[in-house]
Amino acid sequence: MVVVQIAKNFEDVDVCLAKLERLVKAICKRFKLPAATVSIAIVDNVEMRKVNMRFLNRKRASDCLSFDLSDDEGLHANKSFELVVNGEKAVKEARLRGHSSEAELALYVTHGLLHNLGFDDSAPKKAKKMHDTEDEILQQFGYGLVYNKSKRISNIE
């Protein structure tokens, strides 16, 4: 069973929370997670800077941060993930890239979850695999190409 909790602390992003929940559950199912709790906080730049400073000692507002709070190791253990996604940045990026802020926010959620599921974007070959997987998932959910649509304005964290 996958439980999804979403706190929308930034109101200016247009997003269907039920669709976002379905996206999270589909990703968990795709990677065969039998049980997971995924908590998502949608925040603004100010809050994202605070989280970045607290956990990474960085002063900037990134797109997303993801945390695996699971007690047990391995993909088949009961997982507990926390994602902090930047709704304010999603609105700005979406406007610059010509798609919806909901699609951009879905990209941040997908990216964070993939990190928790073992994907890594620290090297070009691994990053390509991760971003191609993101776009495949997002296309299946009707968002279209989001990451590879055009050159990114900023990097996904």
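Things to note:
- Backbone N within segment 4-42 under 18 Å of label point (7 Å from K92 Cα along the Cβ vector): 9-14, 42
- Under a 5 Å amide H cut-off, with hydrogens placed 1.01 Å from N, V3 pairs with A36, T37, V38 among residues at least 5 apart or on other chains.
- Cross-link partners for K129 among the aspartates and glutamates, with Cα-Cα distance under 12 Å and sequence neighbours closer than 8 places in the same chain left out: D120, D121.
- Whether segment 38-136 is rounded, prolate or oblate, judged on the alpha carbon gyration tensor where a/c under 1.5 counts as rounded: oblate
- Anchor K8: lysines whose Cα lies under 20 Å away (excluding residues fewer than 8 positions away in-chain): K19, K25, K50, K89, K92
Every number in this text was worked out from the coordinates using simple rules, so none of it is lab data. Bear in mind that the values here come from a model prediction, so they are computed numbers and not experimental data. All Cβ positions, glycine included, derive from the backbone under ideal geometry; neighbour counts span all protein chains shown.
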